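As structure tokens, the structure follows; a few thoughts come after it.
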Amino acid sequence: MSRIAGRFAQLQEAGRTALVPYLTAGDPEPAATVPLLHTLVRAGADLIELGVPFSDPMADGPVIQAACERALAHQVRLRDVLDMAAEFRNDDAETPLILMGYANPIVAMGVGTFAEQAAQAGVDGVLVVDLPPEEADAVRHALIDHELDEIFLLAPTTTETRIRQICGQAKGFLYYVSLRGTTGADRLDMEDVAERMKCIRTHATLPVGIGFGIKDADSAARAAELADAVVVGSALIDRIQAATDPHAAATELLQDLRAGIDTADHPGGAP
């Protein structure tokens, strides 16, 4: 059983929804990333998404775009992110770690080389935002060869046919983008999300996470009523960037989100 599957099984048995924070590697500076990852775990993170800086993060809003720009200004590249993952794993053998990014850096490194080095670094899953399932064969086979979970996005506009296709290919969990637009947007319509989640649950055997638009305890609680995981990115990066003490700011937000999530009834939709 993978670390991701094991963590979701533990949470399911406990009737809890996962809290999944996202950080851009190398932001606000490279030396800050690994200590912040450990802070997130102490503050209640169940899994962590570590963003690979990219010059054209098309799915991301201005907050994460700016985080990528700051990281790239520090010359943070994919190999550096893998080094950060390995450093984190040296002191944390349990928390699942997912790399989230775009296809270009992976292709530039070489798909096989990337999968091998990601596995060696202790990465558990990979989400490539701009790689549709129809074009993912090379990446999929490389990830399978190295026992890495390939995680896919589902959008409000994803047809039921594609939902079925993606559910048949994904590993680890499914990530439902809860609104139309980029990360950090603020138009969360939970009635619409609930309807879409019903359709996804019809075909999904994996846990389903909700992200985009999660910013506080209230939005986290509403998402947790429908999902097996709640993902937060832009709100966390905003807090860290504005704080004189990033660790205190991250801890405060995650504890607030955790409290909100724990007030919700877990949907029990995943096995």
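The values are calculated or read from the model by the stated rules, or taken from the named source; none is laboratory data. The structure displayed is predicted, hence computed values, not measured ones. Quick reminder, even Gly has a Cβ in these numbers, built from the backbone with ideal geometry, and neighbours come from all protein chains shown. Heavy atoms of the whole protein, side chains included, go into the accessibility calculation; ligands, DNA and RNA do not. Shrake-Rupley method; radii C 1.70, N 1.55, O 1.52, S 1.80 Å.
Points worth noting:
- Summarising the label geometry, the points placed 7 Å from Cα in the beta-carbon direction at Glu29 and Thr205 lie 4.9 nm from one another.
- Per-residue extension of 0.36 nm, minus the Cα-Cα distance of Asp192 and Thr113, leaves a gain of 24.4 nm for this segment.
- Residues whose amide H lies under 5 Å from that of Val208, counting only those 5 or more places away or on a different chain, are Leu174, Asp228, Ala229; hydrogens are built 1.01 Å from N in the peptide plane.
- FRET E, pair Gln120, Gln255, Förster distance 22 Å, beta-carbon r, rounded to 0.05: 0.10
- Heavy-atom accessible surface of the chain: percent carbon and sulfur, 1.4 Å: 48
- Under the convention that each Lys and Arg Cβ holds +1 and each Asp and Glu Cβ holds -1, the size of the dipole of segment 188-271 around its Cα centre is about 280 debye.
- Cα-projected label distance for Glu135 with Gln241, points at 7 Å along beta-carbon direction, nm: 2.8
- Thr24 long-range amide H proximity, modeled H, under 5 Å: Gly51
- Integer Hz, Karplus 6.51/-1.76/1.60 couplings in order for segment 235-241, x for Gly and Pro: 4, 5, 4, 4, 4, 4, 5
- Label point 7 Å beyond Cα of Asn104 along Cβ direction - residues of segment 1-36 with amide nitrogen under 11 Å: none
- Heavy-atom surface of the chain, accessible at 1.4 Å and reported per residue (Å²): 41
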